[in-house]
Amino acid sequence: MMDYLPVIICIVALAMDALFGEPRRHPLIAFGSMASSLEEKFNNEKSKIIGVVCVSVLVLIPSYGLWVFLESLDNLYLESGVGAVVLWVAIGWGSMKNHARAVLRPLAKGDLVNARQTLSMIVSRDTKDMDESKIIGSTLESLLENGNDCLFASLFWFALLGPAGAVLHRLSNTLDAMWGYRSERFGQFGWAAARLDDLLGWAPARLTALCYGLSGSLLSALKSWKAQKGKHKSINGGPVMASGAGALNIRIGGPVAYHGGVEEKPWLGEGGNPENQDIERAIDLIQRSVAVWIVGYALVITLTQYLV
């Protein structure tokens, strides 16, 4: 039974996320403030080296510190309890799900103004002139990509490195969202944050894409993943969104308006244009994928017991 304790911790953390959502005073708020302060102070020279040092201070040192703290507890039950709480905090699925449904509610009433405004809280693209189809598609892209970033990647790194691994990824992913832009301001300073997030997200993204396929239309998911994975500029977001859209038998993507102009993005998936109900279908897909992930994790532990 003790061999399956990590699986139990994952289930407990997921249950906490479903019941309570994210903590009201999320530690990432303080982390974001600290990251902003460091960037304002040290990003004057637009240096990669300074960026590497700042990433180390903000991501690697806290993760290592947590690992040392947990090792010092010397009590399995206390360590497991703390681990479950840490993983709960690292998971952002409940919040993402609520944001998507908050977009869906005005959409269902034909209220595009409020739907655009709500969507602008979870995407960086310009939403002010979006039609209904673009609002739905953008919500689905965000849901499917964040299924990896806010959920499966944390579970993966927890399985590999424990609670410190989950924190390592969540801090890296948050920093990438703040600094990982190919712009004059962040092109050099944010390089390390972007590359670390790409590295930590590579394996989880491909496992997430597989789970999406196993939880939906598998052949369509695999076909879309294989054909479209290299068309998206995100090496991790591309496979995840292509597989997820294929699993749902819909097509997402295409030209997107940002505040600096229009960006031509690839079409991902296959099938018809998404409709309102596809937002709930995507949420269901991700939640079925969690069950696939947990069962797979337990099977890996079982196989390890027999092989080692």
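The values are calculated or read from the model by the stated rules, or taken from the named source; none is laboratory data. Predicted, not measured: the structure shown is a model, and the values here were computed from it. Cβ placement follows ideal geometry from the backbone for every residue including glycine, while neighbour counts extend to all protein chains displayed.
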For the list (1) in contact (Cβ under 8 Å) with a residue 24 or more places away in the chain; (2) in a loop (DSSP other than H, G, I, E, B), I need the number of the one condition that Asn44 fails.
(1)
Scan the stretch 184-208 and report the pairs whose first residue is at pLDDT below 95 and surrounded by fewer than 20 Cβ atoms within 10 Å (Cβ to Cβ) and whose second residue is in a helix (DSSP H, G or I) and aromatic (Phe, Trp, Tyr), with Cβ atoms within less than 6 Å and a gap of 6+ or a chain change.
Phe186/Trp179
Filter the stretch 121-145 down to the residues that are surrounded by fewer than 24 Cβ atoms within 10 Å (Cβ to Cβ) and closer than 21 Å to Ser172 by Cβ, then identify the one that is nearest to the chain's Cα centre (by Cα).
Glu145
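More than 18 Å from the chain's Cα centre (by Cα), surrounded by fewer than 22 Cβ atoms within 10 Å (Cβ to Cβ), closer than 27 Å to Ala194 by Cα and without any contact (Cβ under 8 Å) to a residue 12 or more places away in the chain: is that true of Gly254 in this structure? It would help to see each step written out before you state the result.
Values: more than 18 Å from the chain's Cα centre (by Cα): yes; surrounded by fewer than 22 Cβ atoms within 10 Å (Cβ to Cβ): yes; closer than 27 Å to Ala194 by Cα: yes; without any contact (Cβ under 8 Å) to a residue 12 or more places away in the chain: no.
No: the conditions fail for Gly254.
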When you scan the stretch 47-114 for helices (runs of 4 or more DSSP H) that lie fully inside it, which ones turn up with 2 or more residues that are closer than 23 Å to Asp197 by Cα and among the aromatic types (Phe, Trp, Tyr)?
61-73
Hey, among Glu45, Glu22, which residue is acidic (Asp, Glu) and either surrounded by fewer than 17 Cβ atoms within 10 Å (Cβ to Cβ) or more than 23 Å from the chain's Cα centre (by Cα) (or both)?
Glu45
